[in-house]
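Participant: This is the structure I have questions about; it appears just below.
The values are calculated or read from the model by the stated rules, or taken from the named source; none is laboratory data. No experiment lies behind these values; they were computed from the predicted model shown. Note that each Cβ is placed from the backbone with ideal geometry, even for glycine, and that neighbours are counted across all protein chains shown. Heads up: the accessible areas ignore ligands, DNA and RNA and are worked out on the full protein's heavy atoms, side chains in. Shrake-Rupley method; radii C 1.70, N 1.55, O 1.52, S 1.80 Å.
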Amino acid sequence: MNKKEKIALSIAIITKNEEKRLPDCLTSVSFADDIVIVDSGSIDYTVKIAEDFGCRVFKENWKGYGPQINSAVAKCKNDWVLILDADERIPPETKEDIVKIIQNPSADAYSFPRRNYLHGRWIKHSDWWPDRVTRLARKSNGQLHGRTHGKWITKGDLKAVKNPIDHFSFSSYSDMLKKLDQYSTAASKELFRQGKRTNIFVPLCHGFGMFIKIYFFKKGFLDGFDGFIIALTKAAGSFFKYVKLLELQCGYTQVYSEKKLLKG
């Protein structure tokens, strides 16, 4: 696509070791005239791929999801910004929606449903659909809040777009387990920073409750064995989030007790 066919839209993407997924992501947003990549220490070909594609690449230490995204958004040239992860794609029909919005906006931010895929299959239940996220916004009228996942908060109007963003977050069950560990660790640290405390019964209640919610109330059983695994990993994620909070809490208490004993 030549420069004359591109629209005045910035794309904000954060990366780390995304050489396998980034090319398809960038190709799906080639209609934008500005793509900003903030990379946090990739040791593969992520940065080279981005530079070869014509992206503006910045290298920064990891600050948490929200702060990292906000850093990328702040570097965008255009006021209208589309926030994406490297494992997301903009389908042709959604591209047409975005082009029309940029040409004649009627709100300050727009949310999209996400089609989440596992093993090449769109998961239509298990709380994976519609999984609506706010991704297209005026950067001058909002900000992304939250360190672990984050949510865009606009000062103006928010409207919903019908067509989806495609999301290829997990390549395998092993990948799900790796991210479960990463997310539960980040979430537990965020809870601890907020002053939240727990006990041995809370992780069990949250884990059991999450499985019931995903598998039965969100109809995960209709997604077959993948639905069962999704419910199980969601339950494990919730369980370990509070177990790790308890771990942090006990460690803090131990340090506090030692300091108290030294003073005494």
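Participant: Could you check residue 155 against (1) open to solvent by 40 Å² or more (accessible area, probe 1.4 Å); (2) more than 26 Å from residue 24 (Cα to Cα); (3) within 18 Å of the chain's Cα centre (by Cα) and say which number it fails?
Facilitator: In the conditions (1) open to solvent by 40 Å² or more (accessible area, probe 1.4 Å); (2) more than 26 Å from residue 24 (Cα to Cα); (3) within 18 Å of the chain's Cα centre (by Cα), residue 155 misses (3) alone.
Participant: Looking at 151, 178, 159, 189, which is the one that is basic (Lys, Arg) and touching a Phe, Trp or Tyr at 6+ places or on another chain (Cβ under 8 Å)?
Facilitator: Of the residues listed, the single one that is basic (Lys, Arg) and touching a Phe, Trp or Tyr at 6+ places or on another chain (Cβ under 8 Å) is 159.
So that you can scan it fast, the table gives a plain yes or no per residue for (1) at pLDDT below 95; (2) over 23 Å from residue 124 (Cβ atoms); (3) under 20 Å from the mean Cα position of the chain (by Cα):
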| residue | (1), (2), (3) |
| --- | --- |
| 182 | yes, yes, yes |
| 185 | yes, yes, yes |
| 223 | no, no, no |
| 227 | no, no, no |
| 247 | yes, yes, no |
| 253 | yes, yes, no |
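Participant: OK, next. Looking at the stretch 197-209, can you tell me whether even one residue there is touching a residue at least 60 places away in the same chain (Cβ under 8 Å) and closer than 26 Å to residue 132 by Cβ?
Facilitator: No, the stretch 197-209 has no match at all.
Okay, residues lined up against (1) within 27 Å of residue 104 (Cα to Cα); (2) in contact with a Phe, Trp or Tyr (Cβ under 7 Å, 6 or more places away or on another chain):
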position: 4; (1), (2): yes, no
position: 9; (1), (2): yes, yes
position: 16; (1), (2): no, no
position: 27; (1), (2): yes, no
position: 31; (1), (2): yes, no
position: 44; (1), (2): no, no
position: 49; (1), (2): no, no
position: 52; (1), (2): no, no
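Participant: Which residue pairs have Cβ atoms under 6 Å apart, sit 6 or more places apart or on different chains, and have a first residue in the stretch 151-177 that is without any contact (Cβ under 8 Å) to a residue 40 or more places away in the chain and a second that is part of a loop (DSSP other than H, G, I, E, B)?
Facilitator: Correct list of pairs: empty, since none qualify.
Participant: Which numbered condition in (1) open to solvent by 60 Å² or more (accessible area, probe 1.4 Å); (2) under 21 Å from residue 143 (Cβ atoms); (3) basic (Lys, Arg) is the only one that residue 59 fails?
Facilitator: Going through (1) open to solvent by 60 Å² or more (accessible area, probe 1.4 Å); (2) under 21 Å from residue 143 (Cβ atoms); (3) basic (Lys, Arg) one by one, residue 59 breaks only (2).
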